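What follows draws every value from the coordinates through simple rules; no lab data is involved. All figures in this text were calculated on a predicted structure; none of them were measured in a lab. Virtual Cβ from ideal backbone geometry, glycine too; neighbours counted across all protein chains shown.
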Amino acid sequence: MTADLTAPISTAMSRLLPLARMSRGPFKWAIADSAAIAILTGRLEAYAKLGRFITYSQLVSDVNFKIYPNQDYFIDVEEWHGLDRTIIGEYLAWIIVNSYRDNGIMLSTICVTKRGEQMPGFSFFTWMQSVRLLEDLSEESILGFWATETKKVFNFYKKDTK
């Protein structure tokens, strides 16, 4: 079962903000990297307007992440590492917080794996459970939550393109 997301945005935001309490601080990389956030958000929005999902690899391809001072960092989409997953997880979480605050949608839910289920990574769902937006990690709860949230994203951008 999913949590009630029809509550006022401020209530849902108070649940999403604990995502910021990661071990190294609140969105340390994403907040400081507005260029990469703009590129990632633009790609997500472009796919949402088409009513399509985007893979993690499509999303991050050729994006320069500024996680180290004065040093470029590009994710090798052919060989993902733990740091790469941490980076994209933080950036996508930051995008969710902003898109939910601004539009009441979780834009990053349309970003999926290219193999297997073609759904967001499992860590996304554990985050949603940790902030009490997803009741449990059963297949039924995960699929219901994801279907509801992606439908909101596609409907928002479908409306936006008319």
Please list, in chain and number order, the residues 5+ apart from residue 55 or on another chain whose amide H is under 5 Å from its amide H, with Hs placed from the backbone.
112
How big is the Kirkwood radius of the stretch 73-162, worked out from every pair of different alpha carbons and given in Å to one decimal?
14.1 Å
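Once fully extended, how much extra length lies between residue 72 and residue 55, figured as 0.36 nm per residue of separation less the alpha-carbon to alpha-carbon distance?
Details: separation 17, 0.36 × 17 = 6.12 nm, distance 2.21 nm.
Residue separation times 0.36 nm, minus the Cα-Cα distance, leaves 3.9 nm.
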Please get the size of the charge dipole for the stretch 100-162, origin at its Cα centre, with Cβ charges of +1 on Lys and Arg and -1 on Asp and Glu, quoted in debye to the nearest 20.
400 debye
Interchain or long-range residues, amide H under 5 Å from residue 67's placed H:
73
Short version: ³J(HN,Hα) in whole Hz for each residue of the stretch 77-89, in order, from phi by Karplus 6.51 cos²θ - 1.76 cosθ + 1.60 (θ = phi - 60°), x for Gly and Pro, what are they?
5, 8, 8, 6, 10, x, 4, 4, 5, 5, 4, 5, x
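Stretched out fully, how many nm does the piece from residue 83 to residue 101 gain, at 0.36 nm a residue minus the Cα gap?
The span from residue 83 to residue 101 would gain 3.8 nm if fully extended.
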From the backbone phi of the stretch 66-74, what are the Karplus-calculated ³J(HN,Hα) couplings (6.51 cos²θ - 1.76 cosθ + 1.60, θ = phi - 60°) in whole Hz, Gly and Pro given as x?
9, 9, 10, x, 6, 9, 7, 9, 10
